[in-house]
Amino acid sequence: MLLADDHPATRTGIRIALEEGGFEVCAEVGDAEAAVRAALREEPDLCLLDVRMPHGGGIRAAAEISEHVPSAAIVMLTVSRDESDLFDSLRAGADGYLLKDTNPDRLPFALQGVLDGEAALPRTLAARVIEEFRSRDGRRRLLLERRHGAKLTAREWEVLEGLREGRSTGEIAHDLSVSPVTVRRHSSEIVRKLRVRDRAAAVRLIDRRRLPDRRADARRRRSTS
C-alpha cells in the first residue's frame, strides 16, 4: 500500500501500526505530486492519503490516482471534519474517510474492510453522508460526477430520467410542463456534458449501475503476493 502524509513523525506512527496489522507499505511520500507518481509506479492495492498536503493536496491526488490507477482503493486519513472535504474526497474517488484520532490498533481493520468492500467512515460523519445521498438518483449522480466530471442540473436529470424510462420528447414535455423544444435543448446539453454521442448513449451511461470491482482485484493481488 501507499502512505502519503507531509509529517514524517505521523507517517512513521501510521506505518508501524499498518505493518503490525499485516500491511506492507510499498511507498511512503510527503506530498500530493509524489503520491501520484508513486501510485503510477507501484500500482498499490490501497492508498492512504492525507487531505492537507503540499503540491495540490490529497483530494487532488485521489482524483488523479482514481483515474489512472482504478484498481487502487483510496482512503483519506485526516484531521478535517469539514463536510466539504468529506464530499470532495468521495467525488474524487475515495473509498473511505478516516480521522487521525482513529485508534491506531483499529486502522488496519478499517483498511482491510475497505479492501473487502466495506465503508470506512467515522460515525460522526456517516449520518451526514446518508442524508446527502439518500435520494433515488444519488448513486448515479455521484458516479457520473466521479467518473465523467458531469454535473447536470435538476431539470436535466428529470429529462434524462424520462429518456431512461423510454418516454418520447412530447411525453417528457407534457410531464414537465415545458415545450418539446425545451426538452430537446436539455437533451442536447446532457449529451454535451456527458461527452457521449447521442441520447441513447447517455441513457446507457446512467444504467451502468456497477463499477469494476476494484477491491476484488485488490484482494486477489494480496492473496497471491
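The values are calculated or read from the model by the stated rules, or taken from the named source; none is laboratory data. Predicted model only: the values in this text are computed from it and were never measured. Neighbour counts run over all protein chains shown; Cβ positions are idealised from the backbone, glycine included.
Taking VAL114 as meeting all but one of (1) more than 15 Å from the chain's Cα centre (by Cα); (2) modelled with pLDDT of 70 or more; (3) assigned to a helix (DSSP H, G or I), write down the number of the exception.
Condition not satisfied by VAL114: (1).
Out of all the residues in region 1-55, which are touching a residue at least 24 places away in the same chain (Cβ under 8 Å) and of a type in the set (Gly, Ala, Ser)?
ALA4, GLY13, ALA17, GLY21, GLY22, ALA27, GLY30, ALA32, ALA34, ALA35, ALA38, ALA39
Which one is surrounded by the most Cβ atoms within 10 Å (Cβ to Cβ), of the residues in region 167-202 that are modelled with pLDDT under 90 and more than 17 Å from ARG155 (Cβ to Cβ)?
Residue satisfying both the conditions and the ranking: VAL196.
Suppose the filter is under 21 Å from VAL129 (Cα atoms) and in contact with a Gly (Cβ under 6 Å, 6 or more places away or on another chain); does ALA73 pass it?
Numbers: under 21 Å from VAL129 (Cα atoms): yes; in contact with a Gly (Cβ under 6 Å, 6 or more places away or on another chain): no.
Answer is no for this residue.
Can you pull out the strands (runs of 3 or more DSSP E) entirely within region 28-106 that have at least 3 residues that are β-branched (Val, Ile, Thr) and either at pLDDT 95 or above or closer than 18 Å to ALA119 by Cα (or both)? Please lay out each step first, then the result.
On the way: elements: 46-49, 73-78, 96-99.
Passing ranges, in order: 73-78.
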